[in-house]
1. Which of the residues that make up region 132-151 are of a type in the set (S, T, N, Q) and in contact with a Phe, Trp or Tyr (Cβ under 9 Å, 6 or more places away or on another chain)?
2. Looking at the structure I just gave you, is Lys242 more than 30 Å from Ser31 (Cβ to Cβ), at pLDDT below 80, basic (Lys, Arg) and open to solvent by 90 Å² or more (accessible area, probe 1.4 Å)?
3. So Lys83 passes all but one of these: (1) in contact with a strand residue (DSSP E or B) (Cβ under 9 Å, 6 or more places away or on another chain); (2) open to solvent by 100 Å² or more (accessible area, probe 1.4 Å). Which condition number does it fail?
4. Out of Ile20, Ile11, Ile32, which single residue is touching a helix residue (DSSP H, G or I) at 6+ places or on another chain (Cβ under 6 Å) and in contact (Cβ under 8 Å) with a residue 12 or more places away in the chain?
5. Could you tell me which of the residues Ile107, Ile99 is open to solvent by 60 Å² or more (accessible area, probe 1.4 Å), closer than 23 Å to Tyr143 by Cα and at pLDDT 90 or above?
6. Inside region 9-44, can you point out the residues that are surrounded by 10 or more Cβ atoms within 10 Å (Cβ to Cβ) and assigned to a loop (DSSP other than H, G, I, E, B)?
7. Mind checking which residues of region 83-129 are part of a strand (DSSP E or B), over 25 Å from Glu27 (Cα atoms) and touching a Lys or Arg at 6+ places or on another chain (Cβ under 8 Å)?
8. Within region 45-61, can you find the residues that are open to solvent by less than 100 Å² (accessible area, probe 1.4 Å), among the acidic types (Asp, Glu) and either part of a loop (DSSP other than H, G, I, E, B) or closer than 18 Å to Gly72 by Cβ (or both)?
Amino acid sequence: MPAHAIGSATISFGLVSVPIKLYSTSESRASISFNWLHKKCGSRLKQQYFCPKDEEKVDKDEMVKGYEFTKGQYVTFTPEELKALEEKATNAVDIVAFIPLAAVERIYLDRAYFLGPDKGGDRAYRLLVESLKETGRAALGQYAVRGQQYLALVRPMGDVLVLEQLHYADELKAAAEVPQGESKIKPAELALAKQLIEQSSTEEFHPEEYKDTVRGRVLEAIQQKVDGQDITEEPAEAPKAKIIDLMEALKASLARGPAADEDAPKPARVAEASAPKGKKRMKA
């Protein structure tokens, strides 16, 4: 089935314009969410806004948005004032620079979209793909949608362009804020750690080998409830980490080797399901 476009835009660099369509890079999967119910009667609860000062419920038409500029003090904005501050959508990704792809740390990535050529844009699209591939660079630009302005990186992935929406620098916390400790590593420890990495290394990534087992376990528990069964089996508790000698742990890991990891029990793969339905075999 052909991919369904979720939007259209134009990539502009110099005097060149590339009409493109945006496509989702992932399939939306319904999340498992639970509703709050009244324990007494089982009715679904409703959320209401309450003013503690006037001790009364507040309806939506009595609300106004405010920004807390200091503790307990706010400046308020009308919907019209907020609307005037929104960025006007231009449906254009304005390229400002071409940079090495490796220059952008992965931590900046927010979300991604596939890009395909729009009507009449095939040649310009192919030109941009090949130019980026041969130069080893990505196109950095900005675009506006839904009143917000975003930073974006356009890069080739095979013969397709991908638009990666990036975080702005002030949205990220500094890595220097993370405590790193002051322990010193020994050369022998480093050598063993590198040996362990090499022993377990692979040159390919196979994402299809990994499944969300927690989602599957929750869906199975829900189905048991729907079928009127009690949940008596609890998930096995993960082994607690033990503080042991680092060198001994490295040596023991190397002694096990890759074969030991392959022979170890692996979690059973859980078939995907969008929602519990019908009867299926359950554990006694």
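The values are calculated or read from the model by the stated rules, or taken from the named source; none is laboratory data. Worth saying up front: this structure is predicted, and the values here are computed from it rather than measured. Every residue, glycine as well, gets a Cβ built from its backbone with ideal geometry; the counts of neighbours run over all protein chains shown. Accessible surface is based on the protein model in full, side chains and every heavy atom, while ligands, DNA and RNA are left aside. Shrake-Rupley method; radii C 1.70, N 1.55, O 1.52, S 1.80 Å.
1. Within region 132-151, the first condition is being of a type in the set (S, T, N, Q), and the residues that meet it are 135, 142, 148-149.
Correct list: Thr135, Gln142, Gln149.
2. Details: more than 30 Å from Ser31 (Cβ to Cβ): yes; at pLDDT below 80: yes; basic (Lys, Arg): yes; open to solvent by 90 Å² or more (accessible area, probe 1.4 Å): yes.
When the stated conditions are applied, Lys242 passes them.
3. Failing condition for Lys83: (1).
4. Values: Ile20 fails: touching a helix residue (DSSP H, G or I) at 6+ places or on another chain (Cβ under 6 Å); Ile11 fails: touching a helix residue (DSSP H, G or I) at 6+ places or on another chain (Cβ under 6 Å).
Answer to the check: Ile32.
5. Working: Ile99 fails: open to solvent by 60 Å² or more (accessible area, probe 1.4 Å).
Checking each option against the conditions leaves just Ile107.
6. Of the residues in region 9-44, the ones surrounded by 10 or more Cβ atoms within 10 Å (Cβ to Cβ) are 9-13, 16-25, 29, 32, 37.
The answer is Thr25, Arg29, Ile32.
7. Hits for region 83-129 are Phe98, Ile99, Pro100.
8. From region 45-61, those open to solvent by less than 100 Å² (accessible area, probe 1.4 Å) are 45, 51, 54, 56, 58-59; that's our starting set.
Of the ones still in play, those that are also among the acidic types (Asp, Glu) are 54, 56, 59.
If the condition is that a residue be open to solvent by less than 100 Å² (accessible area, probe 1.4 Å), among the acidic types (Asp, Glu) and either part of a loop (DSSP other than H, G, I, E, B) or closer than 18 Å to Gly72 by Cβ (or both), then Asp54, Asp59 are the ones that fit.
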